[in-house]
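Nothing in this text is a laboratory measurement; each read-out follows from the coordinates by a stated rule. The structure displayed is predicted, hence computed values, not measured ones. Glycine gets a Cβ as well: all are built from the backbone with ideal geometry, and neighbour counts include every protein chain shown.
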Amino acid sequence: MKRILAVVAMLLGCAAVSMADGYNYVEPGQFKQWLEYGRDVAIVDIQVPSEFQKKHFKGSLETNAYPVKTAGDKQKLDAVLPILAATQNDIVVICPRGGGGAQNTYDYLKEKGISEKRLLILKDGMQGWPYKELTVQTTKEGFQIITSEQLKSLLEEKKGETILIDARTAQEYQEAHIHSAISIPLNVLEKDSSTLAAAKDARLVFYCNGVKCGKSAKSALIARSLGYTDISIYAEGMPVWEEKGYPFYSGADYDKTVKASMIKPVVVKALLDNAPSTLTVVDARDAREYAEGHVPGAINIPLETFAAGSGVLDKGKQIVVYCNSGGRSYNAYRKLQKLAYPNIAQMLFADWQAEKLPVAK
């Protein structure tokens, strides 16, 4: 046992570094050991925001200072100098490829009085990092994104006090939801924050209808404003969870996944311009969302009342249903199938906006 402890101490206490061009580098394998054993080390990440969101190490100091050439770039590093000066821990600089940006950071920190003995550059940077399981992904709001596999593991092993929150509508939750999830629809949370009554140190995981659905992120922002700090988002959401065959609750009227016929926004725009009498575009979101912006000419039939409201639709026309990210319009699509509408297509409003097509209010 003493020998094992001695080996661990050596791994944690002795920096296995190499010198190249006058800079200290740490190998990915060595840095992996430091992370796994919990060695105290300051991680200065200079990646641009979009790259940082895709992949970084938990606990990193996000500076977005790359390429550290201008005074403005260096000013971003100034913000973390007090943190670095407060300890004597080693400092590992992370940049895209472990090249010029990292070296510029190294030089600047040394110029500002940080001992070179503490400074290291991760060799080959984030692009050369082979151990993906040790990195995290975040949303633009800074919330950690967890994968389907990570969430499944959390739920199966009951790791900590994880509270899984479904931010979709109550009807969507009743039709199908992930096992153990509780329903707190975004529109309910916006009106009454007391519906989120968990202890402030609880781990919260929000989900909705996939990567283009913004409800989980908006709910997470409200949770943050209430003082919660351990917040994650399951961005893949209900569609991917079901697709992977992971356990979920489904109501008596829920049909297993059917493949919807998708239609591109540019095609819908062309039909509306040139043959408007051949189709009806239906917005399945709630009235407030519709009022904030919708496809010109679309009618609003919220999902909650879709079966009853669909009576106004002509079965002789093509029906195009849409919502923001696909969850509600997919459910509307299935309802129309049950009602024997012969020509149905689904579209995403997020895609319509991405194409910069007109939006009516």
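Worth pointing out:
- FRET efficiency estimate (nearest 0.05) - Cβ-Cβ, S277 to E304, R0 35 angstrom: 0.75
- Computed lengthening from A199 to T229, 0.36 nm per intervening residue step minus Cα-Cα distance: 9.7 nm
- Model label sites at E161 and A79, defined 7 Å from Cα along the beta-carbon direction, differ in position by 3.2 nm.
- Were the residues from S148 through Q33 laid out at 0.36 nm apart, the gain over their Cα-Cα distance would be 38.8 nm.
- Ordering 336-348, 198-210 by mean Cβ neighbour count within 10 Å, with the highest value first, yields 198-210, 336-348.
- 13 Å beta-carbon shell around Q53, net charge (K/R +1, D/E -1): -1
- Computed Kirkwood radius, in angstrom, where 1/r is averaged over Cα pairs of region 139-250: 13.8
- Percent antiparallel among DSSP beta bridges (both partners in region 139-250, rounded to 5): 20
- Prolate/oblate/rounded label for the chain (Cα gyration tensor, a/c 1.5): prolate
- Working value for region 2-134: equivalent-ellipsoid semi-axes of 24, 17, 14 Å, each the square root of 5 times a Cα gyration tensor eigenvalue, largest first.
- For region 110-129 and region 319-358, distance of Cα centres in Å: 50
- Spin-label pair Y249/N64, simplified geometry with 7 Å Cα→Cβ offset, distance in nm: 4.0
- Likely footprinting exposure, W241, W34, fewest C-beta neighbours within 10 Å first: W34, W241
- Greater than 18 Å apart at Cα, pairs in K158/K218; K140/K215; K55/K123; K54/K132: K158/K218
- Projected label points at T87 and D286, each 7 Å from Cα along the beta carbon direction, are separated by 4.4 nanometres.
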